[in-house]
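Single-structure report; data block below.
Just so you know, all these numbers are worked out from the coordinates, no wet-lab data involved. Fair warning: this is a prediction, and the values are worked out from it, not measured in the lab. Cβ sites come from the backbone with ideal geometry, for glycine too, and all protein chains shown count toward neighbours.
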Amino acid sequence: MTNERHLERLLKLRRMRMTLSENALLLQNGVRRQAESGVHAAVQDIARHDDMRRAQEQAAIDQMALQPVSSQALAQEREFMDALARKADDLKQAEQSAKDLLAAETQRQQEKHREHHRRLREHDKILLLAQQRLEQRHREAAMQSELEEEEQSALRSTSGLRRRAGK
């Protein structure tokens, strides 16, 4: 009976661990989706910035084509374009960071997935063991019942023979 209680307790603990494992996997899936959204947002930011930079460059070129430009205006325009280039570099760096984060979260997700499947296999093994033990107990109980019936039958037939012999 002690083994049965230990097995029941083990099954209960395994169920709790399975629930924790499932929750961790779901949480990690959410974190990975957020990282994926971060990469998508970074790519969109870069595209918007590139479009804006091209439009600014074209507007500056068009303006310069219409009239002579002072060296001071040219220097200001160069500073503005340099600032846009630095911003583009920052956005590309942010995109790379987002991609690195996505790769790390994808790896964590795969690890959680493997861990969850390992726990599932362990849980299945314990369930199989519990089922085998239950079947063994049923067989033992059936054999015990059959043995008791045989003993009762033998006792009845022995006592019936004694009564007949005594007459």
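Below is a table of values for the structure above.
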quantity: Computed [θ] at 222 nm, deg cm²/dmol, the chain (DSSP H ≥ 4; -39,500 (n - 2.57); rounded to nearest 500); calculated: -37000 deg cm²/dmol
quantity: Cα-based Lys pair tally, the chain, threshold under 22 Å, eight or more apart or on separate chains; calculated: 5
quantity: Label point distance in nm, Gln136-Leu7, each placed 7 Å from Cα along Cα→Cβ; calculated: 0.7
quantity: Per residue, the convex hull volume that the Cα atoms of the chain enclose (Å³); calculated: 98
quantity: Fluctuation leader among Ala60, Ala130, Ala41 - the chain, Gaussian network, Cα springs under 10 angstrom; calculated: Ala60
quantity: Ranked list, fewest to most other Cβ atoms within 10 Å of each Cβ, for Ile61, Ile46; calculated: Ile61, Ile46
quantity: Candidates Glu151, Glu57, Glu77: whichever shows maximal mean-square fluctuation once the chain is modelled as a Gaussian network with Cα springs under 10 Å; calculated: Glu151
quantity: Added length on full extension, which subtracts the Cα-Cα distance from 0.36 nm per residue, Gln56 to Gln144; calculated: 22.4 nm
quantity: Candidates Ser37, Ser157, Ser97, ranked by Gaussian network fluctuation over the chain, Cα under 10 Å, top entry; calculated: Ser157
